[in-house]
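For reference, the structure discussed in these notes is given below.
The values are calculated or read from the model by the stated rules, or taken from the named source; none is laboratory data. All of these numbers come straight from a predicted model, not from anything done at the bench. Ideal geometry is used to build each Cβ from the backbone, glycine not excepted, and the neighbour counts take in all protein chains shown. Accessible surface is based on the protein model in full, side chains and every heavy atom, while ligands, DNA and RNA are left aside. Shrake-Rupley method; radii C 1.70, N 1.55, O 1.52, S 1.80 Å.
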Amino acid sequence: RVWPPPASPAESRSIALRLISELLSSAQGARALLAAGAAETLCVALIHASGVAKGWGGGDAARGKEEARLTIDCLCSVNSTDPAAVQRAVRNTSAMPSIVALTGTDDERARSSAMMLLSSLAPQNAGEVVASGGIAMLCETLSRGATDQTLHTLAQLSQSAVHAVAIAQQPGALATLCSLVGQPHVRELAISVLSNLCALGALPTDALAGPDDLHRLVAPLLQGGLPPSQRAGLLSLLSRAALEGPGRQALAAVGAPPLLVAAADSGDANEAVHGLQALAHLAADERFRSQLSGWGALRPLCHSLDPARALDPRARAVALSAVANVSFV
């Protein structure tokens with residue numbers, strides 16, 4: 001008998017992956033592995049491990065999950081050394097679906113590594129991320145409560161118009177993001193995703209027409225103490241809601257107009273523009289035109305027409321439109 005007994009193929013792969021991981025810890029080792037074609041080899045290994053982890057081919061699912069975790073960690077290390085090599089390897093081996101699948105795993109370390117790698121790959125592979133179900137998987141993971149890393153990834157991906165539209169189209173995603181605005185530890189990321197969708201025109205016309213969602217967006221502004229970037233992000237969403245009649249009605253119902261007036265009178269140019277835009281939309285609506293005076297909106301609207309305030313011409317044009325509409329009351 002041979003002792004020790006020869007390792008099985010699965011054991012050999014695990015040993016090899018651990019050795020690769022050790023080599024990747026040094027710059028010299030990483031360069032040598034890249035020169036030997038490690039990026040494509042790891043992508044092929046990831047595809048195999050992901051299949052085993054799903055129970056395909058009759059392999060040990062638990063071992064497949066362990067191999068997938070080791071492999072995605074190695075790919076992240078390679079990516080930190082030569083992102084272009086990993087980009088090419090993922091394309092050449094069609095490994096994107098396997099990376100996407102790991103963003104939904106219950107292994108927190110593997111999920112985090114997969115999301116980090118996906119964030120790096122996404123800018124050059126926007127269509128493939130969507131086609132591989134990456135956005136759907138991330139939104140599903142978000143709905144299950146895995147928020148921090150998932151939101152970090154979505155905040156990066158949502159800077160692309162392709163990804164922004166895909167996020168906005170996922171059932172329940174917008175409601176989940178609005179609810180997360182109420183959680184201080186992830187508020188900044190949730191606002192970042194939502195404001196990116198807004199800035200890229202990805203929000204459906206009726207996306208922010210519900211009082212419940214708008215209440216979640218208004219509440220932090222009413223509480224106060226937000227950093228300027230978060231205030232501006234939330235105000236951009238309120239301004240977007242004011243575009244449509246149901247949204248204007250919901251804004252009035254949740255007590256948003258005084259916040260919009262304060263924003264329009266703000267010394268912060270971003271806040272002022274969003275506040276003025278929202279007030280202009282309200283002024284264009286016969287149901288609310290007569291209420292602008294009671295909300296105290298006339299002073300900031302008229303003040304915004306003063307060239308000395310140094311607002312951009314677009315903001316002054318918005319204010320002029322609002323004043324003109326109010327004059328018809």
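Within the stretch 105-125, how many residues turn out to be open to solvent by 20 Å² or more (accessible area, probe 1.4 Å) and within 21 Å of V86 (Cα to Cα)?
Within the stretch 105-125, residues that are open to solvent by 20 Å² or more (accessible area, probe 1.4 Å) and within 21 Å of V86 (Cα to Cα) number 7.
Counting only residues that are at pLDDT 90 or above, among the β-branched types (V, I, T) and within 15 Å of Q149 (Cβ to Cβ), which one in the stretch 87-124 is farthest from the chain's Cα centre (by Cα)?
Restricting to residues being at pLDDT 90 or above, among the β-branched types (V, I, T) and within 15 Å of Q149 (Cβ to Cβ), the top hit is I99.
Would you point out which residue out of A324, A283 is out of contact with any Phe, Trp or Tyr (no Cβ under 7 Å at 6 or more places or on another chain) and in contact (Cβ under 8 Å) with a residue 24 or more places away in the chain?
A283
If you check G225, G127, G210, which single one turns out to be within 22 Å of A256 (Cβ to Cβ) and at pLDDT below 90?
G210
Considering (1) open to solvent by 10 Å² or more (accessible area, probe 1.4 Å); (2) in contact (Cβ under 8 Å) with a residue 24 or more places away in the chain; (3) over 30 Å from A16 (Cα atoms); (4) not small (G, A, S), say which one L138 fails and leave the rest.
The single condition L138 does not satisfy is (1).
Just wondering, is there one or more residues in the stretch 180-197 that are touching a Cys at 6+ places or on another chain (Cβ under 9 Å) and of a type in the set (S, T, Y)?
no
Is one or more of the residues making up the stretch 52-59 in contact (Cβ under 8 Å) with a residue 12 or more places away in the chain and in a helix (DSSP H, G or I)?
yes
Which of the residues spanning the stretch 143-154 are open to solvent by 10 Å² or more (accessible area, probe 1.4 Å) and on the phi < 0 side of the Ramachandran plot?
S143, R144, A146, T147, D148, Q149, H152
Here are some conditions: (1) assigned to a loop (DSSP other than H, G, I, E, B); (2) open to solvent by less than 30 Å² (accessible area, probe 1.4 Å); (3) in contact with a Leu (Cβ under 8 Å, 6 or more places away or on another chain). A190 meets all but one. Which one does it not meet?
(1)
Inside the stretch 197-224, can you point out the residues that are under 13 Å from S239 (Cα atoms) and assigned to a helix (DSSP H, G or I)?
C198, A199, L214, L217, V218
State whether one or more residues within the stretch 281-304 are surrounded by 15 or more Cβ atoms within 10 Å (Cβ to Cβ), among the hydroxyl-bearing types (S, T, Y), in a loop (DSSP other than H, G, I, E, B) and at pLDDT below 90.
Checked against the condition, which is being surrounded by 15 or more Cβ atoms within 10 Å (Cβ to Cβ), among the hydroxyl-bearing types (S, T, Y), in a loop (DSSP other than H, G, I, E, B) and at pLDDT below 90, the stretch 281-304 yields at least one hit.
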